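Working notes, structure below.
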């Protein structure tokens, strides 16, 4: 009577086949169970505030059945192997499937990260979407190269020369396009640090305008006179950058010049108090203060500072401030020499 130990298939006893299949089935069942537990426990991850559970759920859903079966076959092969190594053909297949699964996980992680980075645009569109897309391509390419080198190394290919060649090529390319890379890295800095968004009014050096687009190489500003100016991203990050749109309060300084003409110090101080009172009464001005700064060549200088309720009120309020100062100086019996 034949037993499992006596029966053979492809030269392998049926008992060894049965034990190997059992090990493989247990491995697949464990991997499948872990995946299903993660998916079921993290299914409501979107309702939580943390991002870790969202990432784990995405990675679990991207775990393929082919990967589980390949791992089961590898475990069965290792159990049956006398020297603890897989046959070359099985090792190549297992490494290939494992690397494909790594790429699936890495791609999912990159997509998850880019999605989180691109959120927050008030109009539903991220001004850094182009920069983030390039980051995604570069990260995916780097991951692919690393996984490919690891796969070749594990199947017995000598990758030393390949890694050396890639390093030399990378250095040569970086030196050839260093200006472009500088603008690209500056675009990435803008995307991550977010010093401004599309629609903000910013000042770069001596140029002030509204941000139209943030590209991979340049940032485009629309000036108040209508022209569009393109500034290299590296120059934007290199120069002093002022985001006018993020100003919480706007203080408007004005200097009033009046002729002294033998006026007393008390009358000049009274004029400063009158200027302060006049500006405090201007609509959209929350507070104002004035002080006598000095007298030079028969001309007194009074510094007046007004704080506006909103920065956007500057254009409409500044003419009212100048008009109120003119009336206050004239009412005090002084001649206006200038207001600026």
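Miscellaneous remarks
- Qualifying positions in segment 93-136 - at pLDDT below 65 and part of a loop (DSSP other than H, G, I, E, B): 120, 121, 122, 123, 124, 125, 126, 127, 128
- Among strands (runs of 3 or more DSSP E) entirely within segment 195-262, having at least 1 residues that are closer than 30 Å to residue 296 by Cβ and either without any contact (Cβ under 8 Å) to a residue 60 or more places away in the chain or not assigned by TED's automatic domain parsing to the domain that holds residue 311 (or both) singles out 250-259.
- Restricting attention to segment 28-43, the residues that are within 25 Å of residue 77 (Cα to Cα) and surrounded by 13 or more Cβ atoms within 10 Å (Cβ to Cβ) total 6.
- Candidates in segment 233-262 are the residues that are farther than 30 Å from residue 211 by Cβ and out of contact with any strand residue (DSSP E or B) (no Cβ under 8 Å at 6 or more places or on another chain); of these, the one that is surrounded by the most Cβ atoms within 10 Å (Cβ to Cβ) is 261.
- Taking the listed residues 75, 34, the one that is modelled with pLDDT of 80 or more, out of contact with any helix residue (DSSP H, G or I) (no Cβ under 6 Å at 6 or more places or on another chain) and in a helix (DSSP H, G or I) is 34, with no other qualifying.
- Annotation: of all residues in segment 157-194 being assigned to a loop (DSSP other than H, G, I, E, B) and closer than 29 Å to residue 117 by Cβ, the one that is modelled with the highest pLDDT is 194.
- Residue 90 vs. criteria at pLDDT below 80, closer than 24 Å to residue 153 by Cβ and assigned by TED's automatic domain parsing to the domain that holds residue 148: yes
The values are calculated or read from the model by the stated rules, or taken from the named source; none is laboratory data. Remember, predicted model here, so these are calculated numbers, not experimental data. Cβ atoms come from the backbone with ideal geometry, glycine included; neighbour counts cover every protein chain shown.
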